[in-house]
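Novice: Sharing a structure, written as structure tokens. Questions coming.
Each reported figure results from applying straightforward, stated rules to the coordinates on display, with no laboratory input. Please read these numbers as outputs of a predicted model, since none were measured by experiment. Neighbour counts run over all protein chains shown; Cβ positions are idealised from the backbone, glycine included.
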Amino acid sequence: MGWISCLLALTLLSASVLGTETVKINDGQLAGSLDGTTAIHSFKGIPFAAPPVGELRWQPPQPVQPWSGVRDATQFANRSMQNPIYSDMKFRSSGVSEDSLYLNVWTPAEVTKQKLPVLLYFYGGGFIAGAADERRYDGASMAQQDIVVVTANYRLGVFGFFAHPQLSAQTDYHGSGNYSLLDQQAALQWVVNNIQAFGGDPKRITIGGESAGSISVSALLASPMSRDLIGGAIGQSGSIVGPPIDTMSLADAQAQGEKLQVALMGDNSAHSFMALRHMPADELLAKATAAGFTYFRPNIDGYFLPVSPLTIYQNGQHGDVPLLVGDNSQEGSYQQILDGQEPTPQNYQWALKRLYPQHHAQVAALYPAKDSGEVMAAAQALASDRFMGFATWNWIDLASAHNKKPSYYYFYDHIRPVSKEQQEVAGQPQPTPLGAVHSAEIEYALGNLQVNPLYQWQADDHLVSSLMQQYFANFIKQGDPNGQSLVNWPRFSQGKRLVINRSPHVQEMAPLHARYLFHRQYYTAQEQ
């Protein structure tokens, strides 16, 4: 029997060595694939929670059932239930399913005994669309920087945020909703528990994300369930401490859920609620969308969020980790402020009076414009701040007031090429954006220009991507984006930010500070 024991030991040992395409994690063995060109191992479609179907719909994520044998991990799992909304989302999964709680790992093939830093990245899409298999989130390029990269799915829309009194009555914390965020926390816990099998260090996990992903990062950093598991945080355009997506009370979320129940089932009886829970996923999504229930917000459920995130950040109760946060130069367009009118000074003043009846003169002074060119620039800056700019700044400003760890703020200002699909519309040339539009920086930061052929990338694009990826990789590795040959990126506490384009440079924040303080006071008053 001795030789059998030796053979078994050898088999188990080889299954845990990354020199093969097979690893052993807590729930079983995985067979991944090796890219001979990049020398990167990938493991796709790994379950990090039980399928949230049937009785597990609208419940916090539950543990995975361990498997025997070797599980194939060479294909992306289905993305979460969603409508086809955004044309720039280029998926590699085969379809949508309520059974979607899976993640993907990319890791260098030559893993030394030294534990590698980890990036866990969450996709954007307004909490109603997106997936971990999107081309722009591919982890191979960042893994070539000696980083273990993880992308994870989470529930969306009505599946991710539906709250209801009957659901709350079934939990020991008497709350419901926030399943999207709980899924992300479960993915983070999975990384802590399993990433060593892929050569990663569970104590050096940086979480990152863009838009809804950035909002999620700020929420995870606030939650007592997750903040102590995080080693660093990257937020690209958005936070949970400002519009457009902040929190609502549990009572309001439950009231919204009751209205949705009535819209779908015609009454609010217990029987109809149970039927709603077992309604086919595609039917539920279609009916909720038709009834106007598309967008949802996190709520203060007393569990993931015991109090409002704003209170947590104001009191310094969030995770004290290095932060790298920023937004883009065209998060919104000037047309959104002018409501389709020509960019004249007169129309601009009219728009400000419409949007800020009591404060239009103050806003005009903060965003001044005397001619059409200045109107377009000022209105674009205002639209961008209203959408994601203020919320992003508010997060880093509140966190930095208490953090001992450093924070770094950027302003992304490189204009992305028009997509090939847009170029083909009616054979007409498309107008060039006046700045970097929302989400335009993702491929650049993660080094994925070549992975996403949607755009006709030019030499300047590759230059900007190389620079931005170096900053991000440095931050993930050392909590500081700076490195040799890069323009020095000062800390946020110095009142400066880095403008990222083909010629990165430092910008003083003082002229912008008054704008953001106005928005803080304005939105605080609106919420009261």
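Novice: Convex hull over the Cα atoms of segment 2-300, averaged projected area in nm²? Let's see the in-between values first.
Specialist: Working: hull surface 66.9 nm².
If I average the Cα hull's projected area over directions, I get 16.7 nm².
Novice: Over segment 86-149, what is the relative contact order in percent, taking alpha-carbon pairs closer than 8 angstrom and at least six residues apart?
Specialist: 49
Novice: Would you mind putting 345-358, 197-210 in packing order, based on average other-beta-carbon counts within 10 Å, highest first?
Specialist: 197-210, 345-358
Novice: Show me 506-516, 92-102 ranked by packing, highest mean number of other Cβ atoms within 10 Å first.
Specialist: Most protected by this proxy first, the peptides run 92-102, 506-516.
Novice: With labels modelled as points extended 7 Å from the Cα through the Cβ direction, what inter-label distance (nm, one decimal) is found for H462 paired with Y86?
Specialist: Each label point lies 7 Å from its Cα, and together they span 2.7 nm.
Novice: Separate question: State the extension gain, in nm to one decimal, for the chain segment bounded by Q189 and E283, taking 0.36 nm per residue of separation less the distance between their alpha-carbons. Intermediate results must be reported in sequence, preceding the final value.
Specialist: On the way: separation 94, 0.36 × 94 = 33.84 nm, distance 3.19 nm.
Computed gain between Q189 and E283 is 30.6 nm.
Novice: Continuing with this model, one more query. Of V111, M248, H174, which is farthest along the charge dipole of the chain in the positive direction, counting Lys and Arg as +1 and Asp and Glu as -1 at C-beta?
Specialist: Checking the options against the dipole of the chain, the answer is V111.
Novice: How long are the semi-axes of the ellipsoid equivalent to segment 330-527, from square roots of 5 times the Cα gyration tensor eigenvalues, in whole Å, largest first?
Specialist: Whole-Å semi-axes of the equivalent ellipsoid: 30, 26, 13.
Novice: Further question: Charges at C-beta only: +1 for Lys and Arg, -1 for Asp and Glu. How large is the resulting dipole of the chain about its Cα centre, in Debye rounded to 20?
Specialist: The calculated dipole for the chain is roughly 720 debye.
Novice: What would the Debye equation give as log₁₀ I(q)/I(0) for segment 131-209 at q = 0.16, 0.23, 0.27 Å⁻¹, counting only Cα atoms as equal point scatterers?
Specialist: -0.72, -1.09, -1.30
Novice: Which order do the peptides 378-385, 70-77 come out in when sorted by mean C-beta neighbours inside 10 angstrom, highest first?
Specialist: 378-385, 70-77
Novice: Rg and Dmax of segment 290-417 over Cα atoms: what are they, in angstrom?
Specialist: Spelled out, the Cα radius of gyration and Dmax of segment 290-417 are 18.2, 51 Å.
Novice: What is the Cα convex hull volume of segment 56-120 when expressed per residue in Å³?
Specialist: Given the Cα convex hull of segment 56-120, per-residue volume reads 181 Å³.
Novice: Continuing with this model, one more query. Give me the compactness ratio for the chain, meaning the Cα radius of gyration over 2.2 N^0.38 Å.
Specialist: So the chain has a normalised radius of gyration of 0.99.
Novice: Shifting gears a bit: Sticking with the crude label model, points 7 Å out along Cα→Cβ, report the distance from Q494 to L355 in nm, one decimal please.
Specialist: Result: 3.2 nm between the two label points.
Novice: Taking 1 over the mean of 1/r across every pair of different Cα atoms in segment 97-233, what Kirkwood radius in Å do you get?
Specialist: Hydrodynamic radius (Kirkwood, Cα pairs) of segment 97-233 is 15.4 Å.
Novice: Mind running the shape call on segment 296-353? Use the C-alpha gyration tensor, a ≥ b ≥ c as the square roots of the eigenvalues: rounded below 1.5 for a/c, prolate if a/b tops b/c, oblate otherwise.
Specialist: Prolate shape, in that a/c is at least 1.5 and a/b is the bigger ratio.
Novice: Taking a spot 7 Å from the Cα of S249 along the direction of its beta carbon, which residues of segment 507-528 have an amide N less than 20 Å from it?
Specialist: Under cut-off, by backbone N: 523-528.
Novice: Express the relative contact order of the chain as a whole percentage, based on alpha carbon pairs under 8 Å and six or more residues apart in sequence.
Specialist: Taking the mean separation of contacting Cα pairs over the length of the chain, I get 13 percent.
Novice: Could you sort out which of K404/K477; K259/K287; K115/K477; K353/K496; K24/K115 sit more than 21 Å apart by Cα distance in this structure?
Specialist: Listed pairs above 21 Å: K353/K496.
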